[in-house]
Amino acid sequence: MSKTQVVKVKDIEIGGGQFVAIAGPCSIESQSQLDLISECVKNSQAKILRGGIYKMRTSPDAFQGLEHEAFNIVKEIKEKHNMPFVSEVTDPRQIEELYELVDMFQVGSRNMYNYSLLKELANFDKPVLLKRGFSALYDEWIKAASYVTSQGNAQVVLCERGIRTFESATRNTLDLNSVAYIKENTDLPIIVDPSHGTGVRNLVTPMALASAAAGADGIMVEVHNNPEKAQSDGFQALTPEMFDHLMKRINTLTQALRS
Ligand code: PEP
Ligand code: MN
């Protein structure tokens, strides 16, 4: 097993031995929504805030994110709660406008093969969270990461988010083999997204725990104060109470794994 390189997102280290939780809503919907969720996830010891500004939706009729309207919301909430922030960049033309706003660029599953986006991100000194394409081989995913790392930006964290299989009871099949494989064969840190990996609220906590047990460097979890009313992915969002419970169990587990 090779040693994991540490990626810094502001003052938070991913891959340095501490299990890091990234949490927040799928999409930013309003100032009050992001404010409330940030406060809750921070109190529960999430270290990095997530929130979609530009969304990659299957249907063009679905909510596409607040886009520019979210910029001021993010600025205020980040400052108020003093949390590093990650959000998806869906197009190379968004990089400059998002640069000051985000502390880590997320590349979504649908864009893992977008080599022009990856090449462009290599020119910036900002960490990249590279989600696995939902039909990507490990080798393709690792090579996608190399588009960023070999061109100058060494700060890449991989994110397993489930793959398409014949199973239809879950949104995706969370492939935790990848955690062990990536640890064995690369020096890249890897986190797991059990929200998209399962697509089922009640399966998120068990699979988050399994991710920690498999050796992941962290998790990314969707949390919403009112999942029934969420503009996207409400069915897989944890309530703040569920997230708090998850974090307590993660804490117990990671301590046990260290001893
Ligand atoms: C997300 O994290 O909000 C997201 C869209 O994830 P993915 O790219 O894995 O589908
Ligand atoms: Mn989502």
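State which residue is farthest from Met247 (Cα to Cα) when the search covers only segment 187-209 and only residues that are β-branched (Val, Ile, Thr) and out of contact with any helix residue (DSSP H, G or I) (no Cβ under 6 Å at 6 or more places or on another chain).
Within segment 187-209, the first condition is being β-branched (Val, Ile, Thr), and the residues that meet it are 190-192, 198, 200, 204-205.
Next, only the ones that are out of contact with any helix residue (DSSP H, G or I) (no Cβ under 6 Å at 6 or more places or on another chain) stay: 191, 200.
Working: Ile191: 15, Val200: 18 Å.
Among those that are β-branched (Val, Ile, Thr) and out of contact with any helix residue (DSSP H, G or I) (no Cβ under 6 Å at 6 or more places or on another chain), it is Val200.
Given (1) open to solvent by less than 50 Å² (accessible area, probe 1.4 Å); (2) under 19 Å from Arg161 (Cα atoms), where does Ile73 come up short, assuming only one miss?
For Ile73, the exception is condition (2).
Name the residue that is farthest from Arg50 (Cα to Cα), counting only residues in segment 78-109 that are β-branched (Val, Ile, Thr) and touching a Phe, Trp or Tyr at 6+ places or on another chain (Cβ under 8 Å). Reasoning before the result, please.
Start the filter on segment 78-109 by keeping residues that are β-branched (Val, Ile, Thr), which leaves 86, 89-90, 95, 102, 107.
Now narrow it down to the ones that are touching a Phe, Trp or Tyr at 6+ places or on another chain (Cβ under 8 Å): 86, 89-90, 95, 102.
Values: Val86: 5, Val89: 12, Thr90: 15, Ile95: 17, Val102: 10 Å.
Looking at residues that are β-branched (Val, Ile, Thr) and touching a Phe, Trp or Tyr at 6+ places or on another chain (Cβ under 8 Å), I get Ile95.
Quick check, is Ala208 away from ligand 1 (no atom under 15 Å from the Cβ) and of a type in the set (Gly, Ala, Ser)?
No.
Out of the strands (runs of 3 or more DSSP E) lying entirely within segment 78-133, which hold 2 or more residues that are in contact with a helix residue (DSSP H, G or I) (Cβ under 6 Å, 6 or more places away or on another chain)?
Values: elements: 85-88, 104-107, 128-131.
By residue number, 128-131.
Taking only segment 204-240 into account, find how many residues are away from ligand 2 (no atom under 16 Å from the Cβ) and outside any strand (DSSP E or B).
At the first step, the residues of segment 204-240 found to be away from ligand 2 (no atom under 16 Å from the Cβ) are 205-206, 209-218, 240.
This time we only want the ones that are outside any strand (DSSP E or B), so: 205-206, 209-217, 240.
Here the count works out to 12.
Taking only pairs six or more apart or across chains, which ones have beta-carbon atoms under 8 Å, a first residue in segment 200-212 that is closer than 15 Å to Thr252 by Cα, and a second residue that is basic (Lys, Arg)?
Going by the 8 Å Cβ cut-off, the qualifying pairs are Thr205/Arg249; Leu209/Arg249.
Select from segment 122-137 the residues that are among the aliphatic types (A, V, I, L, M) and open to solvent by less than 10 Å² (accessible area, probe 1.4 Å) and write down the one among them that is nearest to ligand 2 (Cβ to nearest atom).
Our first condition is that a residue be among the aliphatic types (A, V, I, L, M); within segment 122-137, this holds for 122, 128-130, 136-137.
From what is left, the residues that are open to solvent by less than 10 Å² (accessible area, probe 1.4 Å) are 122, 128-130, 136.
Numbers: Ala122: 26, Val128: 18, Leu129: 14, Leu130: 16, Ala136: 18 Å.
Ranking the candidates gives Leu129 first.
Tell me, which residue of segment 164-202 that is aliphatic (A, V, I, L, M) and away from ligand 2 (no atom under 16 Å from the Cβ) is farthest from the chain's Cα centre (by Cα)? Full working, then the answer.
Initial filter on segment 164-202 (aliphatic (A, V, I, L, M)): 169, 174, 176, 179-180, 182, 188, 190-192, 200.
Then drop every residue that is not away from ligand 2 (no atom under 16 Å from the Cβ), which leaves 169, 176, 179-180, 182, 188, 190.
Values: Ala169: 23, Leu176: 15, Val179: 15, Ala180: 18, Ile182: 17, Leu188: 15, Ile190: 10 Å.
For segment 164-202, the residue satisfying everything is Ala169.
Of everything in segment 9-53, what is in a strand (DSSP E or B) and within 15 Å of ligand 2 (Cβ to nearest atom)? Give them in sequence order. Before you say what the answer is, go through the steps one by one.
Step one: list which residues in segment 9-53 are in a strand (DSSP E or B), which gives 9, 12-14, 20-24, 27, 48-50, 52.
Matches in segment 9-53: Ile22, Ala23, Gly24, Ser27, Leu49, Arg50, Gly52.
Phe63 fails exactly one of the following numbered conditions: (1) within 12 Å of ligand 2 (Cβ to nearest atom); (2) among the aromatic types (Phe, Trp, Tyr); (3) crowded, with 22+ Cβ neighbours inside 10 Å. What is the number of that condition?
Every listed condition holds for Phe63 apart from (3).
Have a look at Arg171, Arg161 and point out the one that is in contact with a His (Cβ under 6 Å, 6 or more places away or on another chain), closer than 21 Å to Ile22 by Cα and within 16 Å of ligand 1 (Cβ to nearest atom). Working first, answer last.
Values: Arg171 fails: in contact with a His (Cβ under 6 Å, 6 or more places away or on another chain).
Only one candidate qualifies: Arg161.
Given the options Val223, Val200, name the one that is within 16 Å of ligand 1 (Cβ to nearest atom) and touching a Leu at 6+ places or on another chain (Cβ under 9 Å). Working first, answer last.
On the way: Val200 fails: touching a Leu at 6+ places or on another chain (Cβ under 9 Å).
Sole residue among the options that is within 16 Å of ligand 1 (Cβ to nearest atom) and touching a Leu at 6+ places or on another chain (Cβ under 9 Å): Val223.
List the pairs whose first member sits in segment 175-195 and is open to solvent by 10 Å² or more (accessible area, probe 1.4 Å), whose second member is among the aromatic types (Phe, Trp, Tyr), and whose Cβ atoms are under 7 Å apart, counting only residues at least 6 apart or on separate chains?
As it stands, the answer is Tyr181/Tyr138, since those pairs meet every condition given.
Can you spot a residue in segment 147-159 that is modelled with pLDDT under 95, of a type in the set (Gly, Ala, Ser), outside any helix (DSSP H, G or I) and over 14 Å from Ile14 (Cβ atoms)?
Applying the first criterion (modelled with pLDDT under 95) to segment 147-159 yields 150-154.
From what is left, the residues that are of a type in the set (Gly, Ala, Ser) are 150, 152, 154.
Narrowing the set further to residues that are outside any helix (DSSP H, G or I) leaves 150, 152, 154.
With the extra rule that they be over 14 Å from Ile14 (Cβ atoms), the set shrinks to 150, 152.
Looking for residues that are modelled with pLDDT under 95, of a type in the set (Gly, Ala, Ser), outside any helix (DSSP H, G or I) and over 14 Å from Ile14 (Cβ atoms), one finds at least one in segment 147-159, hence yes.
Check Lys3, Lys42, Lys10 and return the single one that is farther than 22 Å from Asn111 by Cβ, away from ligand 1 (no atom under 16 Å from the Cβ), open to solvent by 40 Å² or more (accessible area, probe 1.4 Å) and out of contact with any Asp or Glu (no Cβ under 8 Å at 6 or more places or on another chain). Let's see the steps before the verdict.
Details: Lys3 fails: out of contact with any Asp or Glu (no Cβ under 8 Å at 6 or more places or on another chain); Lys10 fails: out of contact with any Asp or Glu (no Cβ under 8 Å at 6 or more places or on another chain).
Going through Lys3, Lys42, Lys10 in turn, the sole match is Lys42.
The values are calculated or read from the model by the stated rules, or taken from the named source; none is laboratory data. Just so it is clear, the structure is predicted and the values come from calculations on it, not from any experiment. All Cβ positions, even for glycine, are placed from backbone atoms using ideal geometry, and neighbour counts span all protein chains on display. Accessible surface is based on the protein model in full, side chains and every heavy atom, while ligands, DNA and RNA are left aside. Shrake-Rupley method; radii C 1.70, N 1.55, O 1.52, S 1.80 Å.
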